[in-house]
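Enquirer: I'd like to ask you about the structure that follows.
The values are calculated or read from the model by the stated rules, or taken from the named source; none is laboratory data. Because the structure is a prediction, the values reported are computed rather than measured. Note: ideal-geometry Cβ built from the backbone for every residue, glycine included; neighbour counts use all protein chains shown.
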Amino acid sequence: MKHHAHATRLALAIAAIFATPLAAAPAPRDAAVRYDTAAHVFRLDAGKVTYAMGVDPDGKLQTLYWGARLAKDDPLGPAMPAPERSSFDPKGALSRQEYAGWGGNITAMPALKVKLDDGNRDLILRYDSYRIDHGALDIVLSDKQAGVDVTLHYTADDATGVIGRSAHIENKGKQPLTIDSAAAATWSLPSGSDYSLRYLTGTWAGEWHLQTRAITPGATVLESRRGSTGDENNPWFAINRGGAWNEAQGDVWFGALAWSGSWSIRVDEDILGQVRVTGGYNPFDFGYRLKPGESLDTPVFYGGYTGDGMGEASRLLHRFERSRILPGGDNAKLRPVLYNSWEATEFKVDEAGQIKLAERAAKLGVERFVVDDGWFGARNNDHAGLGDWTVNRTKFPNGLKPLIDKVHGLGMSFGLWVEPEMVNPDSDLYRAHPDWVLNFPDRQRSEGRNQLVLNLAREDVKAHVFEVLDKLLAENDIQFLKWDYNRNWSEPGWPQMAPDEQQKVYVAYTQSLYDILRRLRAKHPGVEIESCSGGGARVDLGVMALTDEVWPSDNTDASDRLAIQDGFSQAYTPAAMMAWVTASPSWANKRALSLDFRFLSAMQGGLGIGANLLEWTDADNATARHYIAEYKAIRATVQRGDLYRLLSPQQRAPWSATNSVSADRKQAVLFAFQRDGEEGRAFPTLRPQGLDANARYRIRYIHGAGAPGTPDAASGAYWMEHGLDLQIKGDFDAAGVVFEQR
Ligand code: GLA
C-alpha cells in the first residue's frame, strides 16, 4: 500500500475532484468513486447500482446503502451506530459495519477475529484513511493498539454494477497474532424487509440444485469444509425482497466468492431485522499466523443488485464473468466443438483406438479431440498411476506424437486429461515421496477413489507439479488440458511446518494452485484449460479467472442435465459451461433419449460429444452433422448472448425452455424440452424475451415445427407477446428454433 492520505489532508484534492464534472472525464465508463468529506461518506456508482458507506462518530465504517442507482446529489449518511435496545443489545452492538472486528460490545457476526500472542482478542477497527486510484477505492481501518490494519479494497464494474470487495489484513504490531476467521466482505441489505434466499446444492452427478428458503432471524450457512469449492454448496447466493421469486421482476441482491478452497457464506438476520451476508475463508479449522509485518489477503467477494428479477441477476453475472473474470474477457475465443473419449473408452485408451475415434469425430465437424484418463503411468483403472505423468508406452508405443499429428492433420486441436494435484499410493511418485501428501504423522491417510491429495502448499510439491505440466506442454503439441480433481481433503496436516503454522494450508494450497495455473497460462498462451472436479465440484470465480471452461457434472443424461444447466446458469455463464452428447440409455439413470433431445440439450452450452462414435450409425452421423453445423451458426449467441429462462426444469418439472439473444439482437435461439408428456397436455406457448420489438425476425427450426399457422416471420413484438406454439408431443420431445433479423 502506498501513501494513504488522511482525510483532512485530502480535503482540497477531493474538492478538486468534485469540481470536475464526471461527464467530462476521459474514461468511457462512468463508474464513479466519491468521498464526501463533510458527511464522511464514500460512494460507488456503477451501472444501475449505488453503494455507500460512512464513518460513524465512533470511527466505525458502516454500510449506508446498496441498491438501485441514486441521484448524484442525494444525501447519504451520516452513519450512526445502531441504537440501544436494552442492556443486552447496547448501542452499536448491531451496527451494520462494513468490516467488523470482533471486539468491544459487538454481537453481530464479525468479519475478522484475531488473537494476539499475549492473549488479547479484542479488535476494534476504526477508519484511518483512504485512497482512490484508477476507479478503485481502498479504505484503511485500523486498531492501533492491537497493531492490526485492514485495507478494504473496492472495485466497481460499470457495465454490470458488480462491486468487488476484499481485505488485506496486516500485523503492524510488535507481537505475532493468529487470525481465527477472515471474511472478504460483509454485505448489508436494506433493513426491515421480507427476504428470501436462493442457493445451490448438489452432489456428484447431481449438482446445481436450486434451493429457496425464507430468511428469518438466525443464520444460514453455505460452505465447504472440503478443502476445495465442493458441490454440496456453491459459493453463490441471491436474495430477493418480498419473497416472490420472479425471472423478470423484483429486487435481487446477489454475490459470488472467488475462492476455490474451503469457504463460507453466512446469511444472518439479527433481532433488528437486519440481513448481512458475510463470506470468505471458512472459519472452520482456520488459523492463520501473522508475525509482525506479515499480511493476509482475502479472496474477492463480488456482489450485485438488480431491480429486474432473477433472470437479470443471472445475466449481469454472466456478463461480468465473460468480460471481467474469464481469461480473454470480451475477446475470448468461442468454445470449440469437442470430443472426449471418457465415456467411450474409459481407461482403455490406445493409439489405434483413439485415432479411429478422431477420424469419426472430424467427419462430424468436431474441432477439438480430447484424450481423457488412462494415457499415462500404470493407469489401467483408478487404483494406480496418478502422479506419474509420463505416457504409457504399452498404450502409446511411440508416445503421443502420432496421435497428436493425426488429430491435427484432421483439422482438430488436441487436448489431454490431467489430475495434477493427486497421487495414487500405487505410483512411482508416491513411492519416492510419501511425505508429499496432506497428512498427520502416524495417522491414517484416508483415500478417496484410491488417491491422496498432494500438498501444493509445499514449495517443492508446487515446483514439481508445475515442472511436470510445463514439460508435458513443452514436449507435446497440446492445445487443451482438462484439469480434474476427484476427492476432498482429509487429514489436512502439513507436518513440515511448525504446529501453529500448519493451518495456513487452507490458504497456501489454493494460492499455489492459482499460481501454477497462472504460470502455465503465461508460458503456454495457446493452451486452454477446463476446470473439472468429478463433475462440477470446482466451479467458482477464482478458478474461472484462470480457466477457459468448466465441467458442470459427470451426469450427462440430457434430461437430468436440463435442471443441472438451469441451476448452473443461475450463477455462471453458458460461455464456460461444457455439455456433451453421450450414449443412450444413459449410464447415469438408464434413460433412453433421442439423439435430437441429447443434442438440443447440450447445445445450450459449449457443445461436446462423449459417445462411442464407433457405435453410431450412418443416420446418427447425419443427425450429428446437422446439429454441429447448426451449433456453429448459433454458438456465439448461446455462449456470449443474453440468456432468458422461460420454463424452469427445477423440481422435476415436465418442461424446460430457454432463449438466448445476441448482443446486437440480430439473432436469437430458443430451446424447448418436454420430459413428461402425461395426458397429452399442450406444451405451453413460449414467449421468447430480449428481442428487438420493432425488428422483423424470420424463424428457422433446428428441430421440430411450429403449430399449424405459425408464420415464418413476424416482429419481435409478435414473438415476445403473441408467442410461439411448438408441436411438442409425448415424453422427451424437443425443439430448437433460430430467430434471425432480416
Ligand atoms: C472424473 C471426471 C470425468 C472423467 C473421470 C476420469 O470423474 O469428472 O469426466 O474425466 O474423472 O477418471
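Enquirer: On the basis of being more than 23 Å from Leu473 (Cα to Cα), small (Gly, Ala, Ser), crowded, with 24+ Cβ neighbours inside 10 Å and in contact (Cβ under 8 Å) with a residue 24 or more places away in the chain, does Ser533 make the cut?
Expert: Spelling it out, it is not the case that Ser533 is more than 23 Å from Leu473 (Cα to Cα), small (Gly, Ala, Ser), crowded, with 24+ Cβ neighbours inside 10 Å and in contact (Cβ under 8 Å) with a residue 24 or more places away in the chain.
Enquirer: Okay, moving on. For Trp489, state whether it is of a type in the set (A, V, I, L, M, F, W, C) and within 15 Å of the ligand (Cβ to nearest atom).
Expert: So Trp489 does not fit the description; no.
Enquirer: In this structure, does Ile634 turn out to be under 22 Å from Leu726 (Cβ atoms), at pLDDT 95 or above and buried (at least 20 other Cβ atoms within 10 Å of the Cβ)?
Expert: Yes, satisfied.
Enquirer: Would you mind listing the strands (runs of 3 or more DSSP E) fully within the stretch 43-162 where at least 1 residues are over 30 Å from Asp251 (Cα atoms) and of a type in the set (Val, Ile, Thr)?
Expert: 112-116, 136-143, 148-156
Enquirer: Among the residues that make up the stretch 137-146, is at least one of them under 22 Å from Gly59 (Cβ atoms), surrounded by fewer than 20 Cβ atoms within 10 Å (Cβ to Cβ) and touching a Gly at 6+ places or on another chain (Cβ under 8 Å)?
Expert: No, the conditions are met nowhere in the stretch 137-146.
Enquirer: Still on this structure, I have one more. Could you give me the residue pairs with C-beta distances under 9 Å whose first residue belongs to the stretch 65-77 and is within 15 Å of Ala46 (Cβ to Cβ) and of a type in the set (Gly, Ala, Ser), whose second residue is part of a loop (DSSP other than H, G, I, E, B) and modelled with pLDDT under 95 wherever it lies, and which are 6+ apart or on separate chains?
Expert: Going by the 9 Å Cβ cut-off, the qualifying pairs are Gly67/Pro190.
Enquirer: Please tell me if Ala344 is touching a residue at least 12 places away in the same chain (Cβ under 8 Å), of a type in the set (A, V, I, L, M, F, W, C) and within 16 Å of the ligand (Cβ to nearest atom).
Expert: Answer is yes for this residue.
Enquirer: So which residues in the stretch 646-685 are exposed (fewer than 14 other Cβ atoms within 10 Å of the Cβ) and within 23 Å of Trp208 (Cβ to Cβ), if there are any at all?
Expert: Gln651, Arg652
Enquirer: Right, another one. For the stretch 710-742, name all the residues that are aromatic (Phe, Trp, Tyr) and without any contact (Cβ under 8 Å) to a residue 60 or more places away in the chain.
Expert: Hits for the stretch 710-742 are Tyr718, Trp719.
Enquirer: Residue check, Leu438 against (1) touching a strand residue (DSSP E or B) at 6+ places or on another chain (Cβ under 8 Å); (2) loosely packed, with under 15 Cβ neighbours inside 10 Å, all met but one. Which one?
Expert: If we test Leu438 against (1) touching a strand residue (DSSP E or B) at 6+ places or on another chain (Cβ under 8 Å); (2) loosely packed, with under 15 Cβ neighbours inside 10 Å, just (2) comes out false.
Enquirer: Determine, yes or no, whether Ala378 is within 14 Å of the ligand (Cβ to nearest atom) and either in contact with a helix residue (DSSP H, G or I) (Cβ under 8 Å, 6 or more places away or on another chain) or not in a strand (DSSP E or B) (or both).
Expert: In short, no.
Rundown of residues vs (1) within 14 Å of the ligand (Cβ to nearest atom); (2) in a helix (DSSP H, G or I); (3) surrounded by fewer than 21 Cβ atoms within 10 Å (Cβ to Cβ), yes/no style:
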residue	(1), (2), (3)
Gly353	no, yes, yes
Val370	yes, no, no
Gly374	yes, no, no
Gly399	no, no, yes
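Enquirer: Then there is this: Mind checking which pairs have a first residue in the stretch 612-631 that is exposed (fewer than 14 other Cβ atoms within 10 Å of the Cβ) and a second that is among the hydrophobic types (A, V, I, L, M, F, W, C), Cβ under 8 Å, 6 or more apart or different chains?
Expert: Within 8 Å, the pairs are Leu614/Ala344; Leu614/Leu357; Glu615/Ala583; Arg625/Leu364.
Enquirer: Among the residues in the stretch 478-485, are any free of Cβ contacts under 8 Å to residues at least 12 places away in the same chain and either within 16 Å of the ligand (Cβ to nearest atom) or out of contact with any Ser or Thr (no Cβ under 9 Å at 6 or more places or on another chain) (or both)?
Expert: no
Enquirer: Looking only at residues that are in a loop (DSSP other than H, G, I, E, B) and touching a Lys or Arg at 6+ places or on another chain (Cβ under 6 Å) in the stretch 412-453, which one is nearest to the ligand (Cβ to nearest atom)?
Expert: Applying the filter and picking the extreme gives Arg449.
Enquirer: Now for a different question. Of (1) surrounded by 15 or more Cβ atoms within 10 Å (Cβ to Cβ); (2) more than 25 Å from the chain's Cα centre (by Cα); (3) more than 20 Å from Glu207 (Cβ to Cβ), Leu593 satisfies all except one. Which?
Expert: Answer for Leu593: the failing condition is (3).
Enquirer: Among the residues that make up the stretch 356-363, is at least one of them part of a helix (DSSP H, G or I) and within 16 Å of the ligand (Cβ to nearest atom)?
Expert: Scanning the stretch 356-363 turns up at least one residue that is part of a helix (DSSP H, G or I) and within 16 Å of the ligand (Cβ to nearest atom).
Enquirer: While we're here: Residue by residue through the stretch 698-713, note down the ones that are more than 17 Å from Thr658 (Cβ to Cβ) and not basic (Lys, Arg).
Expert: Result: Ala705, Gly706, Ala707, Pro708, Gly709, Thr710, Pro711, Asp712, Ala713.
Enquirer: State yes or no: is Val407 outside any loop (DSSP other than H, G, I, E, B), away from the ligand (no atom under 16 Å from the Cβ) and closer than 16 Å to Lys482 by Cβ?
Expert: Yes, satisfied.
Enquirer: OK, next. Would a scan of the stretch 533-545 turn up a residue that is more than 18 Å from the chain's Cα centre (by Cα) and on the phi > 0 side of the Ramachandran plot?
Expert: The answer is no, given that none of the residues of the stretch 533-545 is more than 18 Å from the chain's Cα centre (by Cα) and on the phi > 0 side of the Ramachandran plot.
Here is a yes/no grid of residues against (1) part of a loop (DSSP other than H, G, I, E, B); (2) buried (at least 19 other Cβ atoms within 10 Å of the Cβ):
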residue: Leu210; (1), (2): no, yes
residue: Thr216; (1), (2): yes, no
residue: Gly230; (1), (2): yes, yes
residue: Ala244; (1), (2): yes, no
residue: Ala248; (1), (2): yes, no
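Enquirer: Output yes when any residue across the stretch 571-584 is within 25 Å of the chain's Cα centre (by Cα), at pLDDT 95 or above, farther than 22 Å from Gly365 by Cα and not β-branched (Val, Ile, Thr), and no when none is.
Expert: Yes; the residues of the stretch 571-584 include at least one that is within 25 Å of the chain's Cα centre (by Cα), at pLDDT 95 or above, farther than 22 Å from Gly365 by Cα and not β-branched (Val, Ile, Thr).
Enquirer: So, Glu501, is that one within 16 Å of the ligand (Cβ to nearest atom) and surrounded by 15 or more Cβ atoms within 10 Å (Cβ to Cβ) or not?
Expert: For Glu501, the condition - within 16 Å of the ligand (Cβ to nearest atom) and surrounded by 15 or more Cβ atoms within 10 Å (Cβ to Cβ) - is not met.
Enquirer: Still on this structure: Please go through the stretch 342-382 and give me each residue that is of a type in the set (Lys, Arg) and farther than 13 Å from Ile609 by Cβ, ordered by number.
Expert: Hits for the stretch 342-382 are Lys348, Lys356, Arg379.
Enquirer: Does the stretch 411-424 contain at least one residue that is closer than 18 Å to Glu351 by Cα, surrounded by fewer than 20 Cβ atoms within 10 Å (Cβ to Cβ), under 34 Å from the mean Cα position of the chain (by Cα) and at pLDDT 95 or above?
Expert: yes
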